[in-house]
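This report refers to the structure that appears directly beneath it.
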Amino acid sequence: MREQRNEMSVFNYNTLGDGWIDLLGRVASNGKLINDELYELRHINFFIEKISENDEIIQKYANFDNIVEMKKVFFSHENNKFGHSYVDLISGPKLMKDLSDVTELLKSDIFSKKGAVVFVSSEAHVPCIQSIQFLVRDNKLETSYFARAQDAYIKLYADIIAISHLGQCIADCLDITESSLYASIVSLHIRKKDMQYAKDLLKTINRSKL
């Protein structure tokens, strides 16, 4: 008889910066080398209370070019450094691509569990972000996403900021002022070629705390 697994643990963070640096450190310290290509932790779940581009750690240590380019991925057809766009891949409850069906649904039933979008694969790309759900409870918006894979060093904070912008669009339409984010990631990783850069960044941040 297979032993029953315990409930998966969830890492809880107050801010995006705290979450990014802690998760980056966990992968850098404990990631398993896969195919001589990347260091990986699997099945990572976390909650972040506050998402802001003005986060002190993000302002000081994140690559803002990655944030700008990731917004292009989520919100435009412009060429970007990541080489793909999600604009035509998003699909809401009524197959809309602009979140209008999500807001319509939640306005008609604020407690609905169907306020979700999925990202459909194309021949050229299988999206790293597979789905996002927008759930209202206690007059707060919970934005939850599932990812097949995320790069902890290059993309994690940029993805979260872009996803939080989607959540903010929903919150504004519903006149909700409080929101938070939950994530479930199958493969959280750092590419082997970036590992030393990631470790150097972590050392710089740790020295600044002394």
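The values are calculated or read from the model by the stated rules, or taken from the named source; none is laboratory data. Note that the structure is a prediction, hence the values are computed from the model and not measured. Virtual Cβ from ideal backbone geometry, glycine too; neighbours counted across all protein chains shown.
Taking Y157 and the conditions (1) among the aromatic types (F, W, Y); (2) out of contact with any helix residue (DSSP H, G or I) (no Cβ under 6 Å at 6 or more places or on another chain); (3) within 28 Å of D88 (Cα to Cα); (4) part of a helix (DSSP H, G or I), which numbered condition does it fall short on, given that it satisfies the others?
Exception for Y157: condition (2).
Where residues in the range 139-178 are in contact (Cβ under 8 Å) with a residue 40 or more places away in the chain and among the hydroxyl-bearing types (S, T, Y), which of them is surrounded by the fewest Cβ atoms within 10 Å (Cβ to Cβ)?
S144
Being within 22 Å of C173 (Cβ to Cβ) and among the hydroxyl-bearing types (S, T, Y) is the filter here, so list the residues in the range 124-159 that pass it.
Scanning the range 124-159 gives S131, T143, S144, Y145.
Which residue out of S52, S29 is of a type in the set (S, T, Y) and at pLDDT below 95?
Values: S29 fails: at pLDDT below 95.
Of S52, S29, the one residue that is of a type in the set (S, T, Y) and at pLDDT below 95 is S52.
Here's the yes/no breakdown for (1) at negative phi; (2) of a type in the set (G, A, S); (3) within 14 Å of the chain's Cα centre (by Cα):
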| position | (1), (2), (3) |
| --- | --- |
| I170 | yes, no, no |
| L174 | yes, no, no |
| Y182 | yes, no, yes |
| V186 | yes, no, yes |
| I190 | yes, no, no |
| K193 | yes, no, no |
| L202 | yes, no, no |
| I205 | yes, no, no |
| S208 | yes, yes, no |
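Of everything in the range 119-133, what is surrounded by 12 or more Cβ atoms within 10 Å (Cβ to Cβ) and in a loop (DSSP other than H, G, I, E, B)? Give them in sequence order.
Listed by number, the residues that qualify are V120, S122, H125, V126, P127, C128.
Which condition breaks for V136 when tested against (1) crowded, with 17+ Cβ neighbours inside 10 Å; (2) of a type outside the set (G, A, S); (3) in contact with a strand residue (DSSP E or B) (Cβ under 6 Å, 6 or more places away or on another chain); (4) assigned to a strand (DSSP E or B)?
Tallying (1) crowded, with 17+ Cβ neighbours inside 10 Å; (2) of a type outside the set (G, A, S); (3) in contact with a strand residue (DSSP E or B) (Cβ under 6 Å, 6 or more places away or on another chain); (4) assigned to a strand (DSSP E or B), V136 fails exactly one: (3).
Within the range 85-112, can you find the residues that are free of Cβ contacts under 8 Å to residues at least 60 places away in the same chain and exposed (fewer than 14 other Cβ atoms within 10 Å of the Cβ)? If you could, list the steps in order and put the result at the bottom.
Kept after step one, since they are free of Cβ contacts under 8 Å to residues at least 60 places away in the same chain, are these residues of the range 85-112: 85-98, 100-101, 104-105, 108-109, 111-112.
Matches in the range 85-112: D88, K94, L95, D98, S100, S108, D109, F111.
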